[in-house]
Amino acid sequence: MLIALMRAQNKLSAMPNFLQDPPLLPDSWGSDRALREATRFHLDEASFAAAEEQLAAMGATATRPETLALAARAEREPPIHVPYAAWGERVDEIRVSDAYIELGRIGVRAGVTGLPYEDTPYGAGARVVWGALLALWGPSSALYSCPVAMTDGAARTLLLHGDLDDIAVVGRLTSRDPDHAWTSGQWMTETAGGSDVGRTGTVASRGPDGAWRLTGTKWFTSATTSEMALTLARPEGAAEGSKGLTLFRIHRLLDDGTRNNIVVRRLKDKLGTRALPTAELELEGALAWPIGDPYDGGGVRRISTMLNITRIHNSWGATAAIGRGLAWARAYARVRDVFGRPLRSMSAHRATLSDMAVDYAASLALTMRCCELMGRVEHGVATETEVTLLRGLTPVTKLATGRWSIAAVTEAMESLGGVGYCEDSTLPALVRNTHVIPIWEGTTNVLALDFLRAAARSGALEVLIEDARATVDPLKEDPHVGTAAVACRDALSELKLRGRSMLDGAGDPEAAARSLAMGLATSYACARLCAQGRWAAERGDLRTAATAARLAERGLVPAKAPRHLELGMDDEIDRAAPVGDGRA
Ligand code: MFK
C-alpha cells in the first residue's frame, strides 16, 4: 500500500531501487485459526471460554513489535562466560542478555511453568490450555522455552519420585513470580554421547557425613544459569550400564551463596539457540541429593519422567516453529508483488503454503492429543490404556514433528526469497533454532527405537493403532472425511502388520523403526484430523476435513527401510581413506 501511494505521488525515483513493504506478523492467537480450532476441539466449551482471554493476551504480546525486538536483541547478545573475577577468584559467571531474561519473565508470569501445577477451571484440560499458551509464547522466547521445558520436567519428576526436601523446591519451579521462580537444567549428556546414557561416567561418592558428592564431566548442559538441575551419576561400586545409575538434584550455588564445586569449562559455540547458554561443566565433588533410593538403579527410569515431559515441550517447539514460519510466509505473501501480480495469487506459491498448513495441522493434532492425555494422567483420571497410549505417542510425536518442522521453516525461509536468507529478516534465526529440535531430547532414530521398546514392553503399538482405528471407524461413511478415514484405516492395517512382524523379530527391526514411527505419526494425525474435521464440518467449516483429505492424499505409509547392503553403504564407509587431523 505504501509503495502504491508513493508511486502515485511519483516519489519513488528518489528512493533506492529495492523497497518493499515489510511483512508484519499478525496477532498470533487472533490470526491462527488452526491453533484456535485445535485448542477448542480438545477442550469443553466452558474451559475454552475460560481460557480464551489469557490466550488472546499472550497472542497479542508474543507478536507485538516490542517482544519481537527483545527476541532479536537476545539473539544478538549471546551469553558470556566470565571464569575469574578481577582479582583472580574463580567465579564462573555466565552472563545472559537482559532481553532473554525479560522474555522468560513474560512466559513465567503467564504460566508457562506454573499453569499445569495450579488449581485451574480446566481440570484435566489444563495441559491443553498450557500447550496453546506455550505455542504462542515459545517462538518469541529466544529459546527461553528450553529452561521452561526442563523446569516443568524437573517439577513433575520431583513430585513423583522425590522426598519432602525435593518437593520443597517445586514451589519455586512452578511459581509465576519471576523474582521468586527458579529454573532447572537437565545435565544428562556426557562425552560418551547424549543417546547412550548408560555410559554415564560421573561418579557419586557418599562421605562420612552422609552427603553425596559428584565428580565427572557433563558435556552438554543447556540453560546453565538455572538455579538447579537434575543429573545422573553412578554411586561408587554400582553396576555398569543404565541399571547402575542414580538421579540427583544438584544446585548451582550452595545455601550460603558460594559455588558448588562446579567449573564451567567453556560455553558451546552452537549453530543456533544463541541466546541460550549451553556449557561444558566439570563437577569437582559437587554436593547433590539423590532422588529416590540411591542404590536401586532406578535413575534412568526416574529421569524418563522428565524426558517424556521435555519431549512434549520439544514437540510444541516444533509445532510452534511451523506455525511461526507459516505466519511469516503468509505475511510476506500479503505484501509482495511478483511478475506484476500479488504473490498470494500465484498458484505455485498457494500450493506450497497450503501443504505447509497441512503439516501444521498434523503437528497440532499430535501435540494437542499428547497434552489431552498428559492432563488426564496428571489429574489421575487416565485409564491404563491411555497411559500406554501416551507412552507410545510421545516419542512418535516428538520425532515426526521435529522432522516436519525442519522442512517447514526451510520452506518459510525460501518463500521470502533472498531477504529470508538475510539475518535481519529474522528467518535465519528461526531456521537455526528449529534445527536443534530433532537433536534435543533424543534424535529421530533414538526416539523410533524408544517407541519400539514401548511397543515391546507395554503393547504401545496395538494401543496406538486401536485408538486411531476407533477414531476413524465411525467416520467411514462421512461425506466430508469418509475417504480420508478409509485411507487411514488401510494405512493402520498395513502398519500393524509391519510393526507386529518387527516385534516378532522379522527382518531388521531397528532399521525399520523410523519408517514405522513416521507412518504411525502421519496416520494417527490423519485419524485425529478426520475426527476434528467432522466436528468442524458440523459447525459449518470444511477446512479441517479438507486438511485430513490432503494428508491422506499425500500418502500415510512411508517406504520401508532402505536395503543398505545393496546400496553399498558399507563399502563407502569402510573403503574411505581419511586425511587430515580432524581440526577445522
Ligand atoms: C534447546 C536446547 C538446546 C540444546 C541442544 C541439544 C543438543 C543435544 C543435547 C543432548 O544431548 S539432549 C539429550 C538427548 N538424550 C536423550 O534424550 C536420551 C536418549 N536416550 C534414551 O532415550 C534412552 O532410551 C534412555 C537413556 C532413556 C534409556 O536407555 P537405556 O540406557 O538403554 O535404558 P533402558 O533399560 O531402556 O531403560 C531403563 C529404564 O528406564 C527402564 O525401566 P526399568 O528400570 O523399570 O526396567 C525403562 O522402561 C525406563 N525408560 C526408558 N525410557 C523411558 C522409560 N520409561 C518411561 N519413558 C521412557 N521414555
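Annotations
- Some residue of the stretch 205-217 being in contact (Cβ under 8 Å) with a residue 12 or more places away in the chain and within 16 Å of the ligand (Cβ to nearest atom): yes
- Meets criteria (within 20 Å of residue 385 (Cα to Cα), more than 21 Å from the chain's Cα centre (by Cα) and either within 16 Å of the ligand (Cβ to nearest atom) or assigned to a helix (DSSP H, G or I) (or both)) for residue 420: no
- Test result for residue 495, under 20 Å from residue 368 (Cα atoms) and either crowded, with 16+ Cβ neighbours inside 10 Å or at pLDDT 95 or above (or both): no
- Count - residues of the stretch 505-545 that are at pLDDT 95 or above and either over 19 Å from residue 446 (Cα atoms) or not in a helix (DSSP H, G or I) (or both): 23
- Note on the stretch 296-352: residues that are closer than 20 Å to residue 375 by Cβ and among the basic types (Lys, Arg) total 1.
- In the stretch 34-56, the residues that are in contact (Cβ under 8 Å) with a residue 40 or more places away in the chain and either of a type in the set (Val, Ile, Thr) or in a helix (DSSP H, G or I) (or both): 34, 35, 37, 38, 39, 41, 46, 47, 50, 51, 54, 55
- Here residue 537 fulfils each of the conditions (1) more than 29 Å from the chain's Cα centre (by Cα); (2) loosely packed, with under 14 Cβ neighbours inside 10 Å apart from (2).
- Residue in the stretch 466-481 that is within 24 Å of the chain's Cα centre (by Cα) and hydrophobic (A, V, I, L, M, F, W, C) present: yes
- Members of the stretch 294-346 found to be within 16 Å of the ligand (Cβ to nearest atom) and touching an Asp or Glu at 6+ places or on another chain (Cβ under 8 Å), listed by number: 307, 309, 310, 311, 313, 314
- Selection status of residue 238, outside any strand (DSSP E or B), out of contact with any strand residue (DSSP E or B) (no Cβ under 9 Å at 6 or more places or on another chain), of a type in the set (A, V, I, L, M) and assigned by TED's automatic domain parsing to the domain that holds residue 213: no
- Residues that are in a loop (DSSP other than H, G, I, E, B) and touching a residue at least 40 places away in the same chain (Cβ under 8 Å) were ranked within the stretch 241-270; the one that is farthest from the ligand (Cβ to nearest atom) is 261.
- Residue match in the stretch 271-280 (condition: surrounded by 24 or more Cβ atoms within 10 Å (Cβ to Cβ), more than 16 Å from the ligand (Cβ to nearest atom) and closer than 15 Å to residue 185 by Cα): no
- The residues of the stretch 410-438 that are buried (at least 21 other Cβ atoms within 10 Å of the Cβ) and closer than 24 Å to residue 307 by Cβ, listed by number, are 433, 434, 436, 437, 438.
- Among the conditions (1) out of contact with any Ser or Thr (no Cβ under 8 Å at 6 or more places or on another chain); (2) farther than 24 Å from residue 425 by Cβ; (3) crowded, with 19+ Cβ neighbours inside 10 Å, the only one that residue 385 does not satisfy is (3).
- The set of residues from the stretch 400-427 being among the aromatic types (Phe, Trp, Tyr) and under 13 Å from residue 320 (Cα atoms) comprises just one member, 404.
- Selection status of residue 64, modelled with pLDDT of 95 or more, of a type in the set (Lys, Arg) and surrounded by 24 or more Cβ atoms within 10 Å (Cβ to Cβ): no
- Criterion (outside any helix (DSSP H, G or I) and either touching a residue at least 24 places away in the same chain (Cβ under 8 Å) or among the β-branched types (Val, Ile, Thr) (or both)) met by exactly one of 121, 116: 121
- Among all positions in the stretch 161-183, there is at least one residue which is of a type in the set (Val, Ile, Thr) and at pLDDT below 95.
- Residue that is farthest from the ligand (Cβ to nearest atom), among those in the stretch 439-462 that are surrounded by fewer than 18 Cβ atoms within 10 Å (Cβ to Cβ) and not in a helix (DSSP H, G or I): 459
The values are calculated or read from the model by the stated rules, or taken from the named source; none is laboratory data. From a predicted model like this one, the values you see are computed outputs, not experimental measurements. As a convention, Cβ positions derive from the backbone with ideal geometry for all residues, glycine included, and neighbour counts pool all protein chains shown.
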